[in-house]
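Participant: This is the structure, below, for whatever I ask next.
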Amino acid sequence: MAKLRDKQQRFVDEYLIDLNATQAAIRAGYSVKTANEQGSRLLANVSVQTAIAEKMAERSRRTGVNQDRVVLELAKIAFVKLTDIIDEKGKIKDTATEDDLACLEGYKYKYSDTDGGYSVEREVKLSSKMKALELLGKHLGMWNDKVDLNVALPIVITGGDQLED
């Protein structure tokens, strides 16, 4: 890999913060006026691309965050069943697995003494199954917001001998 200039290396480091090329270019010291173009140009540079990929792979190894792990977490949320976690009284089941519990976004328990006895309120909030399913579907290419209008169909013109010059 070719050695990057100092400004290019700063761009790589800044780009990894938020993956925004324009802002990374500005923070790396490029002109605000031309930051959009500079960011695009830098991302097209093979040496810069290689440096970004290496840094991202290094971060993935260091943090343990990778595509497989993200997909597995989304799958947990997408396919969890509330009945696997909560019993008919709203209590968390002893049989709920760690994976099931990881899908809970919140659990509130409120016990109140009243003149006539006591009351118990429980509120369970699961992470959004719909959002998890949407993200998994996009990952699998099930839905695409882009429409490809490139169609290659042969065009046959008949009656060419009847056309006037």
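Participant: Output the 0 to 90 degree angle, nearest 10, between the alpha-carbon long axis of helix 46-63 and the longest principal axis computed from the alpha carbons of the chain.
Facilitator: 10 degrees
Participant: So how far apart, in nm, are the two label points at Glu37 and Phe79 if each is 7 Å from Cα heading toward Cβ?
Facilitator: 5.1 nm
Participant: Same structure again: Give me the net charge for the shell around Gly90: Cβ to Cβ below 13 angstrom, other residues only, Lys and Arg +1, Asp and Glu -1.
Facilitator: Net charge around Gly90: +3.
Participant: Within 10 Å of each candidate Cβ there may be at most 12 other Cβ atoms; applying that plus a DSSP loop requirement, which GluC sites (Glu not before Pro) in the stretch 36-68 survive? Can you show the working numbers first?
Facilitator: Numbers: sites: Glu37, Glu54, Glu58; in loops: none.
Here no GluC sites (Glu not before Pro) fit, given the DSSP loop and packing criteria.
Participant: Related question: Connecting C-alpha atoms closer than 10 Å in a GNM of the chain, tell me which of Val71, Val48, Val151 has the biggest fluctuation.
Facilitator: Val151
Participant: While we're on this one: Can you work out the Karplus-derived ³J(HN,Hα) for every residue in the stretch 112-124? Use 6.51 cos²θ - 1.76 cosθ + 1.60 with θ = phi - 60°, whole Hz, and x for glycine or proline.
Facilitator: 9, 7, 10, 4, x, x, 8, 9, 10, 10, 10, 10, 10
Participant: Could you give the length gained on full extension between Arg122 and Thr63, defined as 0.36 nm per residue of separation minus the Cα-Cα distance, in nm?
Facilitator: Details: separation 59, 0.36 × 59 = 21.24 nm, distance 3.52 nm.
Additional length available on full extension: 17.7 nm.
Participant: Now a separate question. Search the structure for amide H atoms under 5 Å from the amide H of Ile86, placed 1.01 Å from N in the peptide plane, and list their residues when 5 or more places away or on another chain.
Facilitator: Distant-sequence amide H within range of Ile86: Lys93.
Participant: Need one word for the chain: rounded, prolate or oblate. Basis is the Cα gyration tensor (sqrt eigenvalues a ≥ b ≥ c); a/c below 1.5 gives rounded, then a/b vs b/c decides. Could the numbers behind the result be given before it?
Facilitator: Details: a/c = 3.08, a/b = 1.53, b/c = 2.01.
Oblate shape, in that a/c is at least 1.5 and b/c is the bigger or equal ratio.
Participant: Using the basic label-point model (7 angstrom from Cα toward the beta carbon), what is the Ser112 to Lys146 distance in nanometres?
Facilitator: 5.4 nm
Participant: Counting other C-beta atoms within 10 Å, and keeping those with at most 11, which DSSP coil trypsin sites (Lys or Arg not before Pro) do you find in the stretch 1-82? Before the final figure, lay out the partial values.
Facilitator: Working: sites: Lys3, Arg5, Lys7, Arg10, Arg27, Lys33, Arg41, Lys55, Arg59, Arg61, Arg62, Arg69, Lys76, Lys81; in loops: Lys3, Arg5, Lys33, Lys81.
Those satisfying the criteria are Lys3, Arg5, Lys33, Lys81.
Participant: Once fully extended, how much extra length lies between Leu101 and Leu19, figured as 0.36 nm per residue of separation less the alpha-carbon to alpha-carbon distance?
Facilitator: Full-extension gain reported as 26.4 nm.
Each value in this text was obtained by applying a stated rule to the coordinates, not by laboratory testing. All of these numbers come straight from a predicted model, not from anything done at the bench. As a convention, Cβ positions derive from the backbone with ideal geometry for all residues, glycine included, and neighbour counts pool all protein chains shown.
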